[in-house]
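In what follows, a single structure is set out as structure tokens and then discussed.
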Amino acid sequence: LAFAKNTDTAIIGADVLLYFEEFGREFLIINQGEEAGILPGDFAVTDDMLFVGTVKEAGAGFAKIEVASNVGEKFSVQFLDPAARAAARGLGARTFAIEFITPAALIAQGDIVFFQYERIADAPILLGTIVRDPVHNESALKEARALLLARPDLLSRIFVVDRKQEPQ
């Protein structure tokens with residue numbers, strides 16, 4: 001991946017051993033674990049730089065990745081509009097509530113949502129696409145809906161970005 005070279009960030013390639021659903025939540029089991037430096041909190045991307053999810057558990061020779069759109073998963077996100085920031089909250093079924101969108105943000109249906117990671121400014125990680133135009137809720141901020149771009153059920157290989165170690 002040019003990602004590792006361009007961002008000077010440590011990544012670990014892994015094969016997907018299993019995709020499964022449990023109580024409406026999606027997970028992946030991969031063939032790399034603690035011995036490769038994978039720890040809970042690291043995140044997984046596809047070779048196309050699509051955000052998949054976060055490592056929830058790691059052991060000897062395996063790691064369990066929770067798909068980003070699962071209920072309760074939360075991430076900081078950004079848009080092409082540099083003034084726009086928000087938070088994505090997983091709703092399940094590969095959907096997100098994009099919340100706390102700044103009122104002046106120019107966001108519309110079809111726009112791309114990027115996973116915001118502080119150490120990677122020059123390599124955007126795609127999270128999803130807006131499928132419902134932002135609306136104002138009771139507060140001054142806007143809210144929208146988005147769909148996960150990654151297809152975790154079709155993945156055979158992923159890359160884990162090590163959030164805890166310094167770049168190599």
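I'd like to verify a number: residues in the stretch 94-111 that are part of a loop (DSSP other than H, G, I, E, B), at pLDDT below 95 and on the phi > 0 side of the Ramachandran plot, how many?
Applying the first criterion (part of a loop (DSSP other than H, G, I, E, B)) to the stretch 94-111 yields 94, 102-111.
Restricting the remaining residues to those that are at pLDDT below 95 gives 102-111.
Restricting the remaining residues to those that are on the phi > 0 side of the Ramachandran plot gives 110.
So the answer is 1.
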Of the conditions (1) in contact with a strand residue (DSSP E or B) (Cβ under 8 Å, 6 or more places away or on another chain); (2) charged (D, E, K, R); (3) under 28 Å from residue 142 (Cα atoms), the single one that residue 42 does not satisfy is (3)
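If you check residue 114 against the conditions, is it crowded, with 17+ Cβ neighbours inside 10 Å, of a type in the set (Phe, Trp, Tyr), at pLDDT 90 or above and within 13 Å of residue 144 (Cα to Cα)? Give the steps one after another, and end with the answer.
Numbers: crowded, with 17+ Cβ neighbours inside 10 Å: yes; of a type in the set (Phe, Trp, Tyr): yes; at pLDDT 90 or above: yes; within 13 Å of residue 144 (Cα to Cα): no.
Spelling it out, it is not the case that residue 114 is crowded, with 17+ Cβ neighbours inside 10 Å, of a type in the set (Phe, Trp, Tyr), at pLDDT 90 or above and within 13 Å of residue 144 (Cα to Cα).
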Name the residue, out of 22, 99, that is acidic (Asp, Glu), out of contact with any Phe, Trp or Tyr (no Cβ under 9 Å at 6 or more places or on another chain) and under 21 Å from residue 131 (Cβ atoms).
-> 99
Can you tell me which residue in the stretch 131-148 is nearest to residue 35 (Cα to Cα), limited to those that are modelled with pLDDT of 95 or more and buried (at least 19 other Cβ atoms within 10 Å of the Cβ)?
-> 148
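The values are calculated or read from the model by the stated rules, or taken from the named source; none is laboratory data. What you are looking at is a predicted structure, and each value in this text was computed from that prediction instead of being measured. No Cβ is skipped: glycine too gets one built from the backbone with ideal geometry, and neighbour counts run over all protein chains shown.
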